[in-house]
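> Okay, here's the structure, questions in a sec.
The values are calculated or read from the model by the stated rules, or taken from the named source; none is laboratory data. Given the structure is predicted, the values throughout are model-derived calculations rather than measurements. For neighbour counting, all protein chains shown are included, and Cβ atoms are generated from backbone atoms with ideal geometry for every residue, glycine included.
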Amino acid sequence: MVQKAGVMPGMSKLGLKSRLWIAFFVLVILGVIAGGFWGIENNVRVADSELRQEMLHQIVAIARTIDPELVKSLTFTAADSTKAEFQILRQQMIAYEAVAGYRGIYTLARRAGELRFGPESYAEDDPQASPPGTAYQEFTEADLLIFTTGEPIVEGPNTDEYGSFVSALAPVRDVQSGEVLMVVGIDLETVAQQLEEEGVKKFVVPFDKLFASLEQRRRKLVPVSKDVSL
């Protein structure tokens with residue numbers, strides 16, 4: 001039997017085994033990638049839903065603790081800053097912020113077709129701070145609609161003059177009439193980005209380990225061929 005120069009007996013079998021392994025390797029990688037990204041999307045969706053529910057729960061709880069009678073004394077103008085009622089509500093917001101851990105807590109009231117800021121937890125020199133009576137320029141329809149429906153909401157992420165946020169809002173009602181006197185809000189910055197980064201990290205680490213393991217197995221099954229001359 002004539003043997004081709006430079007080819008060892010069984011080398012064709014080794015080549016077939018190598019091609020089969022590479023095909024299997026590629027299919028595994030594609031499957032891991034597809035499954036991994038589906039897992040990321042699903043994890044982000046679940047985590048985002050849970051976070052929104054938690055925000056809604058917290059803002060409703062905060063709104064229920066606010067005394068409507070204090071709110072009634074406010075005009076939502078610059079004059080409020082010297083009122084005792086304003087300072088009481090402001091200190092209340094600051095205390096809630098320390099416990100809840102959000103960037104800040106703020107309030108809005110509807111006046112002459114505008115939404116104006118009232119008591120909030122932000123320090124006066126904070127970039128997010130709005131002096132009492134400041135008009136909210138880039139509010140959404142949902143921000144305005146809550147004064148009609150009286151239903152708490154979570155919306156966003158939306159971008160306004162202060163940045164991009166997911167926001168939770170809850171009404172403070174008049175005990176007698178049920179009128180929405182004021183809305184309390186909390187914002188969370190760049191939620192989607194944070195969740196995506198966390199999801200990607202959870203996927204990339206095990207994927208790298210799997211890739212390294214498969215590569216080691218491939219090297220064992222498909223040794224590096226050497227040229228052999230007869």
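> Here is a list: Gly178, Gly185. Which entry is at pLDDT 90 or above and more than 26 Å from Ala100 (Cα to Cα)?
Within the list Gly178, Gly185, the selection yields Gly178.
> If you take the residues of the range 152-178 that are assigned to a strand (DSSP E or B) and aliphatic (A, V, I, L, M), which of them is farthest from the chain's Cα centre (by Cα)?
Filtering the range 152-178 for residues that are assigned to a strand (DSSP E or B) and aliphatic (A, V, I, L, M), the one farthest from the chain's Cα centre (by Cα) comes out as Val172.
> Here's another thing I want to ask about it. Just need a number here: residues in the range 147-167 that are within 20 Å of Gln137 (Cβ to Cβ) and either surrounded by 16 or more Cβ atoms within 10 Å (Cβ to Cβ) or at pLDDT 95 or above (or both).
Of the residues in that region, 11 qualify.
> Now a separate question. Going by what's in this entry, would Leu70 be described as more than 27 Å from the chain's Cα centre (by Cα) and either among the aromatic types (Phe, Trp, Tyr) or modelled with pLDDT of 95 or more (or both)?
Yes: the conditions hold for Leu70.
> Right, something else. State the number of residues belonging to the range 79-105 that are loosely packed, with under 13 Cβ neighbours inside 10 Å and not in a helix (DSSP H, G or I).
1
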